[in-house]
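The values are calculated or read from the model by the stated rules, or taken from the named source; none is laboratory data. Quantities reported herein were computed from a predicted structural model and do not represent experimental measurements. Glycine also receives a Cβ, built like all others from the backbone with ideal geometry; neighbour counts cover every protein chain displayed. Heavy atoms of the whole protein, side chains included, go into the accessibility calculation; ligands, DNA and RNA do not. Shrake-Rupley method; radii C 1.70, N 1.55, O 1.52, S 1.80 Å.
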Amino acid sequence: MTTAGKFTTDVAVIGAGPAGLFAVFECGMLKLHCHVIDALPAIGGQCTALYPEKPIYDIPAAPEVSAAELIARLQAQIAPFAPRFHLNQQVVALQRREDAWELVTSRGTSIQARAVILAAGAGAFGPNRPPLAGIEAYEGRCVHYLVSDRERFRSQRLVIAGGGDSAVDWAIALAEVAAEIHVVHRRDRFRAAPESAARLAQLAAAGKIQLVIPYQLAGLEGDGGRLSAVLVKTLEGEQRSIAADHLLAFFGLVSKLGPINDWGLEARNGVIPVDPATCATAAPGVFAIGDIAAYPRKLKLILTGFAEAAHAAHAAHEIVHPDRALHFEYSTSTGVPGQ
Amino acid sequence: MPVIHVTTTEGKEIDLSADNGRSIMEAVKANDLPMLAACGGALACATCHVVVDPDWYERLQPPSEDEEDLLDTAHGLTPTSRLACQILMSDDLDGIRVTLTPMD
Ligand SMILES: Cc1cc2nc3c(=O)[nH]c(=O)nc-3n(C[C@H](O)[C@H](O)[C@H](O)COP(=O)(O)OP(=O)(O)OC[C@H]3O[C@@H](n4cnc5c(N)ncnc54)[C@H](O)[C@@H]3O)c2cc1C
């Protein structure tokens, strides 16, 4: 784990999806150094989080490439420019300092950059938290979105919510240690590996796991951050209460714009208006590219994000080096470092 | 052009028209109504979750298994919950009523 630190750089790139990664390349070609921040522990944005194995067919000159492979190739392409990555942390604040922008992350990392390229897609990826009243008070202690230590749940009464691999696999794994497990799901079918679904059914038949179907989460009961019961209801609204010490909620990842809404960038319905010629936002020195950048007839495609990365890098050069005229050169003339 | 009657989470009613073949999600986004639709219709999230009027729900093609899988990750489900990106407009659906769900 990296510890919080203070850094200064030319360009801070928020978001390590395809657009953000290619921005590192375009900046690098203009001799601008980048730091890249992402909320996820791995680079690649949607390509990594949502569809790593799917083939993509509309990347120019790559007739078919899987999303994971596309990211691996981008990583290789930007390696010569030695970007510094700060992963597993969300940028929570963006503030104007004297002649730079300061970004602060959820881990306390501070980065001062002359220009910022916001390649934040639909926002920071994080756990899909059920919208239950007062849930914040329980999070970390009695409400969990991932399991890092199985022993923590020994002899505890657990409610596991969700119908995917995580919910099913953890229900099976924790059945050995927990005092009681209720699995709450809205329908009979689990979208999990067939062997896992079969194992879950076995454990349920043996009485080791209680299936609470068809129910969804409705509320939490407890006191001072200590959970005592999880309320569930059917789709028709019939309610029931399950005594529990912990709720493990596995509803996958969602992206949230969150703090980006408050950065004075005129965010609206999840996107930020830009001038398509420069990708400049309403804040001088802050550029937006990729899915988050909006202008008339915008296409949310990876290839659009790549082109926007080039526009933003050239415009950022003027911000970082206002005194230095940019002499346009092709990569065939300049080459890349180390080649 | 078929019309979609949309009710927002605040109870505001808005009529949209949509070309045949376009999804309700696309029509909602084109009219700048509050809906995230984060994945842009790639069937990779549930942020275009809408509640369809029960009379209209019956007339829709049933949801695919992929749509059901994503509905598993939506909150505040009802018996007539659907993903708006999966409902394609046609003359048969002229006048359909849907209610949006909270963006957060
Ligand atoms: C199933 C599926 C199939 C697709 N198929 C195709 C296709 O065939 N062709 C095509 O061109 N496109 C396709 N797309 C769309 C494509 O994936 C997106 O257009 C692309 O990923 C957008 O890239 P991006 O870099 O703008 O943002 P993203 O890939 O969304 O990445 C944004 C990153 O920013 C991070 N972030 C946001 N806010 C913060 C913050 N405050 N702090 C830290 N990190 C933050 C997020 O965690 C995320 O990792 C598909 C999408 C899906 C879901």
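For the range B:34-70, filtering for residues that are more than 11 Å from chain A (Cβ to nearest Cβ) and under 10 Å from B:Cys85 (Cα atoms) leaves 4.
Quick one: in the range A:198-220, of everything that is within 14 Å of chain B (Cβ to nearest Cβ) and of a type in the set (Gly, Ala, Ser), which residue is most open to solvent (accessible area, probe 1.4 Å)? Here the residue is A:Ala218.
Out of (1) under 29 Å from A:His311 (Cα atoms); (2) out of contact with any strand residue (DSSP E or B) (no Cβ under 7 Å at 6 or more places or on another chain); (3) within 15 Å of the ligand (Cβ to nearest atom); (4) not aliphatic (A, V, I, L, M), what's the single condition that is false for A:Gly108? All conditions are met except number (1). For A:Phe306, the requirement of being surrounded by 12 or more Cβ atoms within 10 Å (Cβ to Cβ) and in a strand (DSSP E or B) is not met. Test A:Leu146 against the criterion of being out of contact with any Asp or Glu (no Cβ under 9 Å at 6 or more places or on another chain) and not aromatic (Phe, Trp, Tyr), and give yes or no. So A:Leu146 passes the test. In the range A:82-95, of all residues being touching a residue at least 60 places away in the same chain (Cβ under 8 Å), in contact with a strand residue (DSSP E or B) (Cβ under 7 Å, 6 or more places away or on another chain) and open to solvent by less than 50 Å² (accessible area, probe 1.4 Å), the one that is nearest to the ligand (Cβ to nearest atom) corresponds to A:Val91.
Within the range A:254-278, the set of residues being in contact (Cβ under 8 Å) with a residue 40 or more places away in the chain and open to solvent by less than 60 Å² (accessible area, probe 1.4 Å) comprises A:Val254, A:Ser255, A:Leu257, A:Gly258, A:Pro259, A:Ile260, A:Trp263, A:Leu265, A:Gly270, A:Ile272. Annotation note: Cβ proximity below 6 Å between a residue of the range A:196-207 that is assigned by TED's automatic domain parsing to the domain that holds A:Val168 and a residue that is open to solvent by less than 30 Å² (accessible area, probe 1.4 Å) and of a type outside the set (Gly, Ala, Ser) (sequence gap 6+ or interchain) occurs for A:Ser196/A:Val168; A:Ala197/A:Phe190; A:Leu200/A:Val168; A:Leu203/A:Ile209. Picking from residues in the range A:238-252 that are open to solvent by 30 Å² or more (accessible area, probe 1.4 Å) and more than 9 Å from chain B (Cβ to nearest Cβ), the one that is nearest to A:Val143 (Cα to Cα) is A:Asp245. Do we have any residue at all in the range B:13-23 that's touching a Leu at 6+ places or on another chain (Cβ under 8 Å) and within 16 Å of the ligand (Cβ to nearest atom)? The answer is yes, given that some residue of the range B:13-23 is touching a Leu at 6+ places or on another chain (Cβ under 8 Å) and within 16 Å of the ligand (Cβ to nearest atom).
Sub-8 Å Cβ pairs linking a first residue in the range A:105-128 that is free of Cβ contacts under 8 Å to residues at least 60 places away in the same chain and more than 19 Å from A:Val254 (Cβ to Cβ) to a second residue that is open to solvent by less than 20 Å² (accessible area, probe 1.4 Å) and more than 11 Å from the ligand (Cβ to nearest atom), at least 6 apart or interchain, number zero.
Among the residues making up the range A:232-241, those that are touching a Leu at 6+ places or on another chain (Cβ under 7 Å) and modelled with pLDDT of 95 or more are A:Val232, A:Gln239, A:Ser241.
Summed over the range A:129-167, residues that are of a type in the set (A, V, I, L, M) and open to solvent by 50 Å² or more (accessible area, probe 1.4 Å) total 3. Of all residue pairs spaced 6 or more apart or on separate chains, those with beta-carbon atoms under 6 Å, a first member in the range B:63-74 that is more than 12 Å from B:His49 (Cα to Cα) and a second member that is open to solvent by 30 Å² or more (accessible area, probe 1.4 Å) are B:Asp66/B:Leu43; B:Asp69/A:Arg191.
Scanning the range A:4-55 for residues that are more than 10 Å from the ligand (Cβ to nearest atom), closer than 20 Å to A:Asn88 by Cα and part of a strand (DSSP E or B) yields A:Lys6, A:Phe7, A:Thr8, A:Thr9, A:Val11, A:Ala12, A:Cys34, A:His35.
Can you list the strands (runs of 3 or more DSSP E) found entirely within the range A:72-166 that contain at least 3 residues being in contact with a Phe, Trp or Tyr (Cβ under 8 Å, 6 or more places away or on another chain)?
So the answer is A:110-118.
Scanning the range B:44-67 for residues that are open to solvent by less than 40 Å² (accessible area, probe 1.4 Å), over 17 Å from B:Glu26 (Cβ atoms) and in a helix (DSSP H, G or I) yields one hit, B:Trp56.
Among the numbered conditions (1) open to solvent by less than 20 Å² (accessible area, probe 1.4 Å); (2) within 12 Å of chain A (Cβ to nearest Cβ); (3) among the polar types (S, T, N, Q), the only one that B:Asn31 does not meet is (1).
Per the listing A:Ala294, A:Ala288, A:Ala312, the residue uniquely surrounded by fewer than 21 Cβ atoms within 10 Å (Cβ to Cβ), of a type in the set (Gly, Ala, Ser) and assigned by TED's automatic domain parsing to the domain that holds A:Ala122 is A:Ala294. In this structure, A:Phe306 does satisfy being in contact (Cβ under 8 Å) with a residue 24 or more places away in the chain and in contact with a Phe, Trp or Tyr (Cβ under 8 Å, 6 or more places away or on another chain). The listed residues are B:Thr78, B:Thr73, and the only one of them that is within 16 Å of the ligand (Cβ to nearest atom), surrounded by 13 or more Cβ atoms within 10 Å (Cβ to Cβ) and within 14 Å of chain A (Cβ to nearest Cβ) turns out to be B:Thr73.
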